[in-house]
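The values are calculated or read from the model by the stated rules, or taken from the named source; none is laboratory data. Everything numeric here is computed off the predicted structure, so don't read it as measured data. Virtual Cβ from ideal backbone geometry, glycine too; neighbours counted across all protein chains shown. Surface accessibility is based on the protein's heavy atoms, side chains included, excluding ligands, DNA and RNA. Shrake-Rupley method; radii C 1.70, N 1.55, O 1.52, S 1.80 Å.
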Amino acid sequence: LDGDALAQMKSTATLVNIAWGAVVDTAALTTALQQGDISTALDVTEPEPLPRDHPLLTMENVTITRHLGTDSA
């Protein structure tokens, strides 16, 4: 998902990524989240792990889990 796809999401949308971090353009997602357009729940990121100073780690409209999506048993 690139910036254009993210811009088309409703402002009440929550993007959930449990697939691969590279499925979503991290820079475009960060920008959309900083603008308050959407929220997100991420089980994966690109890069993984995110650098400790990455903006996604401090945003209120972001939930990041510790890559638990494959733990379904």
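General remarks:
- Distant-in-sequence amide H partners of Ala41 (H built 1.01 Å from N, under 5 Å): Leu15, Val16, Asn17, Thr63
- Read-out Kirkwood radius over Cα pairs in Å, derived from the coordinates shown; its label in [x] 11.9; [y] 12.7; [z] 12.4: [z]
- Phi-based couplings in Hz for region 9-21 (Karplus 6.51, -1.76, 1.60; Gly and Pro marked x): 6, 5, 5, 8, 6, 10, 7, 10, 10, 10, 8, 10, x
- For the chain, adding -39500 (n - 2.57) for each run of n ≥ 4 DSSP H residues and dividing by the number of residues yields -5000 deg cm²/dmol at 222 nm.
- The modelled label-to-label distance for the pair Gln8/Arg66, using points 7 Å beyond Cα in the direction of Cβ, is 3.7 nm.
- Karplus-derived HN-Hα couplings along region 25-34 (A = 6.51, B = -1.76, C = 1.60, θ = phi - 60°), whole Hz, x at Gly and Pro: 5, 4, 5, 5, 5, 4, 4, 4, 5, 5
- Most to least accessible of Glu46, Glu60 (protein chains only, probe 1.4 Å): Glu60, Glu46
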